[in-house]
Amino acid sequence: MIVKESPLKGCFIIEPKVFGDERGSFFESFNQKIFEEKIGLKINFVQDNQSSSNRGVLRGLHLQKGEFAQTKLVRVIQGKVLDVVVDVRPNSKTFGQTFSCILSAENNKQLFIPKGFLHGFSVLEDNTIFAYKCDAYYNKESEDGVVFNDPKLNIDWKLKEEEIVLSDKDKQLKRLNNLN
């Protein structure tokens, strides 16, 4: 497993070692012991989530606040996404900065996202399956987020504006300046 820290401290790109032959391929998608050694943190994931989406769907930018804040480990099982994180930790030197990377079934990369980051992704292929682990349970009252097209963030989601499909909830998200 190769682990590289992104430009945003505490956020890591994880690349598994893939073994392939004429039968196909195999890789270990998660190993608690190795993961904690490489990241340098003890994490107790308590919930796994999965979504399926077609090209153009944009989910985010989301986070959970307070005691329900979540650390996430995200990956794509099928298809391809542009995964985006925004550092919103109040005292961080990189507050308001973004990082994005392509996660796909082809590259098998994962992204480790610590508490205090907004997270979202745009779906770049039909029939994409996105999966993630969380270290805190979902709590509706703790939801928060920032609208995907906040001009302060200026994120290139790798989709044309007319292609983007949002949930009603994501259309109502606030701007970064109004994040509590």
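Of all residues in the stretch 110-152, exactly one satisfies the criterion of being among the β-branched types (Val, Ile, Thr) and touching a His at 6+ places or on another chain (Cβ under 8 Å), namely Ile113. Scanning the stretch 65-83 for residues that are farther than 27 Å from Glu141 by Cβ and either in contact with a Lys or Arg (Cβ under 6 Å, 6 or more places away or on another chain) or touching a residue at least 60 places away in the same chain (Cβ under 8 Å) (or both) returns a single hit, Leu82. When the test is whether a residue is more than 16 Å from Ala131 (Cβ to Cβ) and either among the polar types (S, T, N, Q) or out of contact with any Leu (no Cβ under 6 Å at 6 or more places or on another chain) (or both), Asn91 passes it. Taking each residue of the stretch 35-53 that is over 23 Å from Val76 (Cβ atoms) and touching a residue at least 12 places away in the same chain (Cβ under 8 Å) and looking for partners that are among the hydrophobic types (A, V, I, L, M, F, W, C) and part of a strand (DSSP E or B) with beta-carbon atoms closer than 6 Å, six or more apart or interchain, yields nothing.
The residues listed here are His119, His62; of these, the one that is within 10 Å of the chain's Cα centre (by Cα), touching a residue at least 24 places away in the same chain (Cβ under 8 Å) and surrounded by fewer than 20 Cβ atoms within 10 Å (Cβ to Cβ) is His62. In the stretch 138-152, the residue that is farthest from Gln97 (Cα to Cα) out of those that are surrounded by fewer than 20 Cβ atoms within 10 Å (Cβ to Cβ) and in contact with a Phe, Trp or Tyr (Cβ under 7 Å, 6 or more places away or on another chain) is Asn139.
Just so you know, in the stretch 85-108 the residues that are within 22 Å of Phe30 (Cβ to Cβ) and under 13 Å from the mean Cα position of the chain (by Cα) include one that is surrounded by the most Cβ atoms within 10 Å (Cβ to Cβ), and it is Val85. Scanning the stretch 1-42 for residues that are surrounded by 14 or more Cβ atoms within 10 Å (Cβ to Cβ) and touching a Phe, Trp or Tyr at 6+ places or on another chain (Cβ under 7 Å) returns Val3, Ser6, Leu8, Cys11, Phe12, Ile14, Pro16, Ile39. Scanning the stretch 15-25 turns up no residue that is in contact with a Pro (Cβ under 8 Å, 6 or more places away or on another chain) and of a type in the set (Gly, Ala, Ser).
Each reported figure results from applying straightforward, stated rules to the coordinates on display, with no laboratory input. It should be emphasised that the depicted structure is a prediction, and the values quoted were computed from it without experimental measurement. Cβ coordinates were reconstructed from backbone atoms using ideal geometry, including for glycine residues, and neighbour counts include every protein chain displayed.
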